[in-house]
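J.: Following this message is one structure expressed as structure tokens.
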2 protein chains.
Amino acid sequence: MARWWKLRFPIEIPAVENQELEAEVWRRWNSLTKPPRSLGRLESLVTRLALMQGMARPTVERKLMVICCADHGVTAEGVSAYPREVTAQMVLNFLRGGAAINVLCSQFGITPMIVDAGVDGDVVAGVVDCRIGRGTANFAHGPAMTRAQVERALENGMRLAREARERFDVAAVGEMGIGNTTAASALLCAYAGIDPGEAVGPGTGVSAEGVAHKAKVIGDAMARHREVIASGDAVGILAALGGFEIATMAGFLLGAASVRLPVVIDGFISSAAALAAHAIDSMVLGFLVFSHLSSETAHRRLLNWLSVQPLLDLELRLGEGSGAALAMPVLDAAIALYSRMATFAEAGVAEE
Amino acid sequence: MARWWKLRFPIEIPAVENQELEAEVWRRWNSLTKPPRSLGRLESLVTRLALMQGMARPTVERKLMVICCADHGVTAEGVSAYPREVTAQMVLNFLRGGAAINVLCSQFGITPMIVDAGVDGDVVAGVVDCRIGRGTANFAHGPAMTRAQVERALENGMRLAREARERFDVAAVGEMGIGNTTAASALLCAYAGIDPGEAVGPGTGVSAEGVAHKAKVIGDAMARHREVIASGDAVGILAALGGFEIATMAGFLLGAASVRLPVVIDGFISSAAALAAHAIDSMVLGFLVFSHLSSETAHRRLLNWLSVQPLLDLELRLGEGSGAALAMPVLDAAIALYSRMATFAEAGVAEE
């Protein structure tokens, strides 16, 4: 994709397509003791993982969950059901192992990594310190981040991804940040041209009036930031409306794609990070697996706009990476089937 | 449900409803560090498991997969893409551990049990011998089973379920039987009054002409068996159009419900067993979890008719219990979250 604007740092995302490798994977699938294509999406999933990793025998054994946390200036507009302090409180809950994502990581053998991308509170021991500031500025009044801030957040994410590639076969991204559904909805409007009324939902639980208020806040922000939105400057849009955790995740996705590390995307917020990464370099999409359809209603619009299909629909709306964690056993199962099933020849079973 | 026809054996299915227990489960869910209901279907799943087991702290630790195998007389009508011998060949593959369901059971800590309910071949060591005959009769010409045969199959399933309750917390049912999508489609037509053209699909891979031929075979069978279908005799309909493995599974579901053992249903064929069990005693439905939506198109109609929603949609059409096995980590995760997450009070997190 040609870009008139420049990043401070180079990104080189390899092409995911490889016809020879793809044919090899399908030959193995079709040799296994089952009707052709009867394992449905598990078969296409393994094929995609093989293409991402560039190997006919992909692996997802070592799993990382990167949970990016930050606060949002737009909470001053009263867009969330929870007070801003909950972000820092939940970071402590993550570190003590009491949150949903801790239970899921322990259940499915995933290593959690808590990244402080810009929480409004003290930096606490046990987090990876990628803090850009104590929460973003309020995008109702000006850009949420400066250009320098968003670039630092992107670089932080890229560095984390390159380091992750050394120790992990697959990563997932999740997040925590009171107010971040509002930022994600704003990014959806800006990147995908969707009407604010159709890009908002209840988040973690605001009322119908609260949803209307969120739409109004976002509509006003679209007007305030119309110049950068119209410019098509993907990084500028992210600076104007995003968040520190969203930009860090977007950087992680770009960095992961550049080193062929598959990343499992969680729900609405991390999908908004994927949307931003896609706007920066659309090649990133080939290295992402969308784990689930959130009950946050705008998520379906975002996924449709990217033309991607999530694996699960369990009506989750928690974030933290919870849906991505739940998709991990599906990846494990798909790889196990592909690797360990008997072939027709081995089993002496008649083919069609 | 009042029934004019009698089974040879008593079934007593307890009521699954228990308002006090249900309220207790929801109180715990709402005390955990997450927005209310944000874990979506995982929350309702645990609530249902608690009601099934009659315990505020349900458990799914010890898991059984019952794979019922049998042959079908209707294969003489040329309704399947695979030769009939494949049923017996796949039973051997199950015993040697090379099939998809073996890989999934090993992956998710599920104990597989291979039940020979009526395979056309030698009884082989390692199967549970519940054989009624060497395949059913061809329902194109007469009833697939005699009344005595179907009752024996139902009793076999009930006995297996009562025994399973001693050693397992949750069970799943899967199957293998060349020709059994045709039997399942016929049962869907007979129990739910659905038109044959809308009740058939490609099974494990017949062509469009093959699908039309299946619909014709089933349409003719509806005419031939119209008296028993019109009578509303649930067991008589199962005898006329079902299969040994389907009847054994139906018995398993009824027996499991009677001892409060939750059962995870696999795809189209095991859902047809659930349909038959539901026709025999509709209370059984309270003890079933529908694991996935098969890509066999009639499956959606069957689930809609029962007003149940499957957990997953991975476009599987394999059977064997593969979809049910894939749902097990979702059950595990739901119970783990419910049991191990911190409460707001424990974590010092502000509530809404």
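The values are calculated or read from the model by the stated rules, or taken from the named source; none is laboratory data. Please read all numbers here as calculations on a predicted model, not as lab measurements. Cβ coordinates were reconstructed from backbone atoms using ideal geometry, including for glycine residues, and neighbour counts include every protein chain displayed. Please note that ligands, DNA and RNA were not included when accessible areas were found on the heavy atoms of the full protein model with its side chains. Shrake-Rupley method; radii C 1.70, N 1.55, O 1.52, S 1.80 Å.
J.: For Cα pairs less than 8 Å apart in space and 6+ apart in sequence, what is the mean separation divided by the residue count of the range B:168-227, i.e. the relative contact order in percent?
T.: 30 percent
J.: Can you send over the solvent-accessible area of B:LEU261, 1.4 Å probe, protein chains only, in Å² to the nearest 10?
T.: We get 0 Å² for B:LEU261.
J.: Expressed in nm to one decimal, what extension gain is obtained for the pair A:ARG62 and A:SER307 from 0.36 nm per residue of sequence separation less their Cα-Cα distance? Each step should come with its number before you reach the end.
T.: Details: separation 245, 0.36 × 245 = 88.20 nm, distance 2.82 nm.
In short, 85.4 nm is gained.
J.: Could I ask something else about it? Of all alpha-carbon pairs in the range A:200-352, indicate the percentage at a distance above 20 angstrom.
T.: 58 percent
J.: Between the label point of B:ALA208 and that of the same position in each other copy, find the distances and list them shortest first in nm, with every label point placed 7 Å from Cα along the Cα-to-C-beta direction.
T.: 4.6
J.: Taking the Cα centre of the protein assembly as shown as origin, sum charge times position over the Cβ atoms of Lys and Arg (+1) and Asp and Glu (-1), and report the length of that vector in debye to the nearest 20.
T.: The dipole magnitude comes to about 240 debye.
J.: Now for a different question. Name the trypsin sites (Lys or Arg not before Pro) in the range A:31-92 that are in a loop by DSSP and that have at most 15 other C-beta atoms within 10 Å, would you? Don't skip to the end; give the middle numbers.
T.: Details: sites: A:ARG37, A:ARG41, A:ARG48, A:ARG62, A:LYS63, A:ARG84; in loops: A:ARG37, A:ARG62, A:ARG84.
Taking the range A:31-92 and a limit of 15 other Cβ atoms within 10 Å, the loop trypsin sites (Lys or Arg not before Pro) found are A:ARG62.
J.: Over its Cα atoms, what ratio of radius of gyration to 2.2 N^0.38 Å does the range A:266-352 give?
T.: Relative to the rule-of-thumb radius for its length, the range A:266-352 sits at 1.40.
J.: Check every DSSP H run in chain B and write down those whose alpha carbon atoms cover 20 angstrom or more along the long axis and whose mean Kyte-Doolittle hydropathy is 0.5 or greater.
T.: Helices passing the filter in chain B: B:244-258, B:322-340.
J.: Would you mind checking the range B:112-135 for residues with the amide N under 19 Å from a putative spin-label position 7 Å along Cα→C-beta of B:ALA76?
T.: What the label zone holds, given the 19 Å backbone N cut-off, is B:118-121, B:132-135.
J.: Once you have the Kirkwood Rh of chain A from its Cα pairs, apply Stokes-Einstein at 4 °C and 1.567 mPa s and quote D in µm²/s.
T.: Answer, rounded: 64 µm²/s.
J.: Please list, ordered by chain and number, the residues whose modelled amide H lies under 5 Å from the amide H of B:CYS68; skip anything fewer than 5 residues away on the same chain.
T.: Under 5 Å from the amide H of B:CYS68: B:VAL115, B:GLY174, B:GLU175, B:MET176.
J.: What nm value, rounded to one decimal, do you get for the distance between A:GLU20 and B:ARG162 when each label is placed 7 Å out toward the C-beta?
T.: 6.3 nm
J.: Given only helices, namely DSSP H runs of n ≥ 4 each adding -39500 (n - 2.57), what is the per-residue ellipticity at 222 nm of chain B, to the nearest 500 deg cm²/dmol?
T.: Values: 15 runs with 177 residues, N = 352.
So the calculated ellipticity at 222 nm is -15500 deg cm²/dmol.
J.: Could you state the principal axis extents of the C-alpha atoms in the protein assembly as shown, from the largest down, to the nearest angstrom?
T.: Computed over the protein assembly as shown, the largest-to-smallest principal extents equal 78, 60, 40 Å.
J.: Share of antiparallel DSSP beta bridges in the protein assembly as shown, in percent to the nearest 5?
T.: Antiparallel bridges: around 5 percent, rounded to the nearest 5.
J.: Please compute the contact order of chain B in relative form: average sequence separation of alpha-carbon pairs under 8 Å and at least six residues apart, divided by the residue count, as a percent. List each step's numbers first, then the result.
T.: Values: 724 pairs, mean separation 84.0, N = 352.
Across chain B, relative contact order equals 24 percent.
J.: Relative to a virtual label point 7 Å from the Cα of B:ARG147 in the Cα→beta-carbon direction, which members of the range B:231-255 show backbone nitrogen distances below 19 Å?
T.: Within reach of a label on B:ARG147, which here means backbone N under 19 Å from a point 7 Å along Cα→Cβ, the range B:231-255 contributes B:231-244, B:247-248, B:251.
J.: Between B:MET55 and B:THR297, with labels modelled 7 Å along Cα→Cβ, what's the label distance in nm to one decimal, could you check?
T.: 4.4 nm
J.: Continuing with this model, one more query. Kindly provide the GluC sites (Glu not before Pro) of the range A:45-105 that DSSP labels as loop, not H, G, I, E or B, and whose Cβ sees at most 13 other Cβ atoms within 10 Å.
T.: Those that pass, being in a loop and sparsely packed, are A:GLU61.
J.: Could you work out the mean count of beta carbons from other protein chains within 10 Å of each residue's beta carbon in A:306-317? Please list the in-between numbers first.
T.: On the way: counts 0, 0, 0, 2, 0, 3, 6, 6, 12, 9, 8, 6.
Across the residues of A:306-317, the mean count of other-chain Cβ atoms within 10 Å is 4.
J.: So, one more: Within 15 Å, Cβ to Cβ, of B:GLY174, how many net charges do the neighbouring residues add up to if Lys/Arg are +1 and Asp/Glu are -1?
T.: Charge balance in the 15 Å sphere: -3.
J.: Rounded to whole angstrom, how close does the nearest chain A beta-carbon get to the axis mapping A onto B, and which residue is it?
T.: Nearest Cβ to that rotation axis, in whole Å: A:PRO329, 2.
J.: With the crude spin-label approximation of a point 7 Å out along Cα→Cβ, what separation in nm comes out for A:THR343 versus A:GLU198?
T.: In this crude label model, A:THR343 to A:GLU198 measures out at 5.0 nm.
J.: Mean separation of Cα pairs under 8 Å and 6+ residues apart, divided by the residue count of the range A:1-141: what relative contact order is that in percent?
T.: Relative contact order of the range A:1-141: 23 percent.
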